[in-house]
1. What residues have an amide H closer than 5 Å to that of Gly231, excluding those fewer than 5 places away on the same chain, when H is modeled at 1.01 Å from N in the peptide plane?
2. Taking amide H positions as placed in the peptide plane 1.01 Å from N, state which residues far from Tyr171 in sequence (5 or more) or on other chains have amide H under 5 Å from it.
3. Can you give me the distance in nm between label points at Thr222 and Ser260, each placed 7 Å from the Cα along the Cα-to-Cβ direction?
4. Subtract the Cα-Cα distance of Leu90 and Arg119 from 0.36 nm times their separation in residues, and report this length gain in nm to one decimal.
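Computed from the coordinates by the stated procedures, all read-outs in this text should not be read as laboratory data. Here the structure is a predicted model, which means the values were calculated and not measured. Virtual Cβ from ideal backbone geometry, glycine too; neighbours counted across all protein chains shown.
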Amino acid sequence: MSFGCPPSCPVLEHARAYAELPVGQVRRVASASSGGEEVDETRRNVLKLLVAGGAIAVGAGGLGVASLQYVGKPPIVGLSSYPKVGLLDLDGSPLTATKVMKEYNVTTPDVYTFAYPLRNEPNFLLNLAPPAGGSGGATNVVGGVGPQKSIVAFSAICQHLGCPAPAIAYYPPGTCAKSFGSLAFYLHCSCHGSTYDVTNGASNLTGPAVLPLPQVTLDWNTSDDTLSAIGVVGPPVNGHFDTLQGDYGVGATSQLQKQSPVVACFFPS
Ligand code: FES
């Protein structure tokens, strides 16, 4: 960017570092000094730029225009990589595999979700194992963790037009007459009927959605039995060009939320 002034120009030299920031730059970092908290560098840059732009306008006249292009562009927020986020139970205590195996199973009808990696990205937490002493359900499923590899997590935003939980919900066995072979439990969206296979990476059983739900990669710490979210695989979360972009991160922990499902047994071919 040329200012029509030699590099030795004192006012402009002071402002150059700010004014040469790329338009719309986004850089969010976590540092020890920030206590691990993310820092919205874009917001800082905008504030710095406005200050610098004011100085330029006074000192050099007209150059404040250089900063105005930032004002019209809202900062893009997000994360640069997937964080490890500890999951918390409804009561705020660390969620352990033992608790999940005891409190949730394939017959649990309520919707349990947690946000990850961003605040506006809810995900189902499911345990597909049968109740203790019972039968049915599924173990050793794709992406499953815990003692029976039956604990999984999927995006709770439908891949069709984005209906969120509880409009999209887990349907335990017996909710609808419909089954898919031996599979009588699935995620189903009441908006237009998309159905997802919870035993196989939330692949599509019925449309109109054509993409699977993103699956959260879970980590089971066998030392202390805790569960954490450490990544997401599959397509981007619906409504996000990138699962890591579009809101602020959830922080170090994410707590389960409970909702009642919306049930509609509508299965388009
Ligand atoms: S939004 Fe879920 S099927 Fe249309």
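1. It is Thr217, by chain and number.
2. Placed amide hydrogens put Tyr186, Leu187, His188 under 5 Å from Tyr171.
3. Modelled inter-label distance: 4.2 nm.
4. 8.7 nm
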